[in-house]
Amino acid sequence: MKTLVLAILFSGFYCRSSSQDITGLWYSPDSSRVYKVYQTDRGYQADQYTSKSTNDKPGVPVLRDVKYYQKKKDYEGVIHAADDGTATLVKIRMVENGKILRMKLRRMFFMPVYIQWHRVE
């Protein structure tokens, strides 16, 4: 009985910790850009990995200083526009079992903007 309880507890911890891993490759819904998210000593960062647009360059920073907040169960940081580099605060949640990053940008007072990135399989 103890073994069964311990197995259930450890599997719950494993699912919880693996679902919060945002590192890896993510693509935009129209598949025009791929982003690489990696962990640094200051949190998580994302750079543009590839793009179909001729004006985009690989290595351009997109997310900076993203940190996970256990109490809120989401990430917060700064997102930069790929074209002109303007920055705004972003809140990030993982949805659909870790397959989608849903980012909430506060661009307008009443209506936030949502962006989704999909995990590269």
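Any residue at all in the range 59-66 that's modelled with pLDDT of 90 or more, surrounded by fewer than 15 Cβ atoms within 10 Å (Cβ to Cβ), within 23 Å of Thr40 (Cβ to Cβ) and among the aliphatic types (A, V, I, L, M)? No; the residues of the range 59-66 include none that is modelled with pLDDT of 90 or more, surrounded by fewer than 15 Cβ atoms within 10 Å (Cβ to Cβ), within 23 Å of Thr40 (Cβ to Cβ) and among the aliphatic types (A, V, I, L, M). Condition first: more than 22 Å from Tyr49 (Cβ to Cβ) and either surrounded by 15 or more Cβ atoms within 10 Å (Cβ to Cβ) or touching a helix residue (DSSP H, G or I) at 6+ places or on another chain (Cβ under 6 Å) (or both). Now tell me which residues in the range 98-121 satisfy that. Lys104 - this is the single residue of the range 98-121 that is more than 22 Å from Tyr49 (Cβ to Cβ) and either surrounded by 15 or more Cβ atoms within 10 Å (Cβ to Cβ) or touching a helix residue (DSSP H, G or I) at 6+ places or on another chain (Cβ under 6 Å) (or both).
Specify the residue that is nearest to Arg102 (Cα to Cα); the eligible residues are those in the range 22-74 that are among the small types (Gly, Ala, Ser) and touching a strand residue (DSSP E or B) at 6+ places or on another chain (Cβ under 8 Å). Among residues in the range 22-74 that are among the small types (Gly, Ala, Ser) and touching a strand residue (DSSP E or B) at 6+ places or on another chain (Cβ under 8 Å), the one nearest to Arg102 (Cα to Cα) is Ser28. Among residues of the range 106-121 that are within 21 Å of His80 (Cβ to Cβ), those with a Cβ under 6 angstrom from a residue that is modelled with pLDDT under 85 and not in a strand (DSSP E or B), sequence gap 6+ or separate chain, pair up as Pro112/Arg106; Val113/Arg107. Within the range 71-97, residues that are over 23 Å from Ser51 (Cα atoms) reach partners that are of a type in the set (Phe, Trp, Tyr) with beta carbons closer than 6 Å, at six or more positions or on different chains, in the pairs Tyr75/Tyr68.
Looking only at residues that are assigned to a loop (DSSP other than H, G, I, E, B) and among the small types (Gly, Ala, Ser) in the range 54-92, which one is farthest from Asp21 (Cα to Cα)? Among those that are assigned to a loop (DSSP other than H, G, I, E, B) and among the small types (Gly, Ala, Ser), it is Gly85. Applying the condition of being among the aromatic types (Phe, Trp, Tyr) and modelled with pLDDT of 50 or more to the range 11-45 and asking which residue is surrounded by the fewest Cβ atoms within 10 Å (Cβ to Cβ) yields Tyr38.
The values are calculated or read from the model by the stated rules, or taken from the named source; none is laboratory data. Note that the structure is a prediction, hence the values are computed from the model and not measured. All Cβ positions, even for glycine, are placed from backbone atoms using ideal geometry, and neighbour counts span all protein chains on display.
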